[in-house]
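Notes follow once the structure below has been shown.
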Amino acid sequence: MAPVRSLLQRLCSLLLLVAFADALKFDLEATGWSKQRCIRNFVGKDTLVVVTATVDGYKGDGMQVNMHIKDAVGNEYGRPKDIAGEQRTVFTSHADAAFDICFENILTNTKYVDHPFRHVELDVDIGADAKDWSAIQATEKLKPLETDLRRIEEMTAEVVREMDYLRIREQKLRDTNESTNNRVKWFGFGTTFLLVGIWVWQILYLRAYFRSKHLI
């Protein structure tokens, strides 16, 4: 049992390392107009997402950092304004779509700013990574090994759902491709028949014209 537990702990550590690797750090320049910097990610429908943004500086330092979270189909999940410190936004996705996390840093002209930048650290947790497993373990009175197995099970289920989504999407694209090919094929046949008909009509017309003029 000990080797199995060690293997599970190593696997969970690797998954955590991959999750933490998604964290982004960047400097956001302040401007006098709305200039957004966006980070895009994809999420499946009814998936828990936790967006944690940590912004340095303080309110009233002459800069205002705003954040806007929305997806590609028009759903909005949050629009916190004047962020300083840690800002956490939790939402459940409404559709299978990409979502954008957009930041803007605007000069408020309330005081002189010598270094017009704010440092942003962004961490996005999706699905099983977004859950508080310590709280789940305490609530359901699970053993550490059971918690690890539960987390791995949910991560595996997410991978399976992702593969099913990609398979369905590939099938739709293939059906669209076949339908387009059929339309192009019949359009080609129709164009050919039309050209042949015009060619036959021209021959008959010219033949009748020359006969009327007694040229043939």
Using +1 on the beta carbon of Lys and Arg, -1 on that of Asp and Glu, and nothing else charged, what's the dipole of the chain about the Cα centre, debye to 20? 1520
Of all accessible heavy-atom area on the chain, the percent that carbon and sulfur account for (1.4 Å): 58
For the chain, what are Rg and Dmax over the alpha carbons, in angstrom? 30.6, 107
Evaluated over region 162-216, the Cα radius of gyration and Dmax, each in Å: 23.5, 77
Considering the chain as a Gaussian network with a 10 Å cut-off on Cα pairs, which listed residue, ALA84, ALA135, ALA97, attains the greatest mean-square fluctuation? ALA135
Any idea of the accessible area per residue across the chain, 1.4 Å probe, to the nearest Å²? 69
Just to verify a number: what accessible area does TYR205 come out at with the full protein assembly present, 1.4 Å probe, Å² rounded to tens? 120
To the nearest 20 Debye, how big is the dipole of region 14-118 about its Cα centre, given +1 on the beta carbon of each Lys and Arg and -1 on that of each Asp and Glu? 120
Cα-derived Rg over Rh, computed across region 98-151 with Rh taken as Kirkwood radius: 1.30
Cα-based helix-to-principal-axis angle, 2-20 vs the chain, degrees rounded to 10: 70
Estimated Rh, region 17-93: Kirkwood, alpha-carbon pairs, angstrom: 14.2
Residues of type lysines that LYS45 reaches as a straight line, Cα spacing below 29 Å, ignoring anything fewer than 8 places off in the same chain: LYS25, LYS70, LYS81, LYS131, LYS172
So how tilted is helix 144-212 from the main axis of the chain? Cα-based, degrees 0 to 90, rounded to 10. 20
Put +1 on the Cβ of each Lys and Arg and -1 on the Cβ of each Asp and Glu in the chain; which of GLN64, GLN137, CYS102 then has its Cα farthest toward the positive end of the dipole? CYS102
Choose one of VAL43, PHE189, GLY32: the residue whose Cα lies farthest towards the positive end of the charge dipole of the chain (beta-carbon charges +1 Lys, Arg; -1 Asp, Glu; about the Cα centre). PHE189
Can you send over the solvent-accessible area of ARG151, 1.4 Å probe, protein chains only, in Å² to the nearest 10? 40
Coarse-grained scattering of region 78-204 at q = 0.12, 0.16 Å⁻¹, given as base-10 log I(q)/I(0) from a Debye sum over alpha-carbon atoms: -0.81, -1.04
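The values are calculated or read from the model by the stated rules, or taken from the named source; none is laboratory data. Because the structure is a prediction, the values reported are computed rather than measured. As a convention, Cβ positions derive from the backbone with ideal geometry for all residues, glycine included, and neighbour counts pool all protein chains shown. SASA here: full protein model, heavy atoms, side chains in, ligands and nucleic acids out. Shrake-Rupley method; radii C 1.70, N 1.55, O 1.52, S 1.80 Å.
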